[in-house]
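Visitor: Starting off with a structure, shown below.
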Amino acid sequence: MSEAAENVEYRVAHLHDRFAAEELGELGVRAEIRAGAIVLSGTVPSAHCRESVLRVAREELSGLTVHSDLVVAETTRPDHAEEL
């Protein structure tokens, strides 16, 4: 494994550590290396939370290509009854 690849893996591991240490730890956001880029995936409870995740990722992974597949969970009350 090249030194550059090891450095990327180290940076992704450090990102996971930051997610675990901050209030973002319970979200279950994953960061994976795919085709030379980092892909963030998972579901977050709000757009504000998604922005926090992306901010931390940009800080930790500056200079790397980061793609976001983060989904914001819909937490508003339904506007009609569900038919069963």
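Quick note: the coordinates plus some simple rules give every number you see, no bench work behind them. None of these values were measured; they are calculated from a predicted model. Here the Cβ positions follow ideal geometry from the backbone for every residue, glycine too, while neighbour counts run over all protein chains shown.
Visitor: In the chain, with Lys and Arg counted as +1 and Asp and Glu as -1 at Cβ, which of these residues, 65, 28, 47, has the Cα nearest the positive end of the dipole, that is, farthest along it?
Guide: 65
Visitor: Give the relative contact order (percent, whole number) for the chain; include only Cα pairs under 8 Å separated by 6+ residues. Don't skip to the end; give the middle numbers.
Guide: Details: 90 pairs, mean separation 23.8, N = 84.
Relative CO of the chain lands at 28 percent.
Visitor: Tilt of helix 3-21 relative to the longest C-alpha principal axis of the chain, in degrees (0 to 90, nearest 10)?
Guide: Helix 3-21 sits roughly 40 degrees off the main axis of the chain.
Visitor: With axes computed from alpha carbons, what is the tilt in degrees of helix 47-60 against the longest principal axis of the chain, rounded to the nearest 10 within 0 to 90?
Guide: 0 degrees
Visitor: Now a separate question. With +1 on each Lys and Arg Cβ and -1 on each Asp and Glu Cβ, and nothing else charged, work out how big the dipole of the chain is about its Cα centre, in Debye to the nearest 20. Kindly include the intermediate steps, with their values, before the conclusion.
Guide: On the way: 8 positive and 16 negative charges, 50 e Å.
Charge dipole of the chain: 240 debye, to the nearest 20.
Visitor: Taking the chain as a Gaussian network, Cα atoms linked when under 10 Å apart, which of 72, 44, 53 shows the biggest mean-square fluctuation?
Guide: Of 72, 44, 53, the most mobile in the Gaussian network model is 72.
Visitor: Do the sum for the chain: with -39,500 (n - 2.57) for every DSSP H run of n ≥ 4, divided by all residues, what is the mean residue ellipticity at 222 nm, to the nearest 500 deg cm²/dmol? Present the calculation step by step, with values, prior to reporting the outcome.
Guide: Values: 2 runs with 33 residues, N = 84.
That comes out to -13000 deg cm²/dmol.
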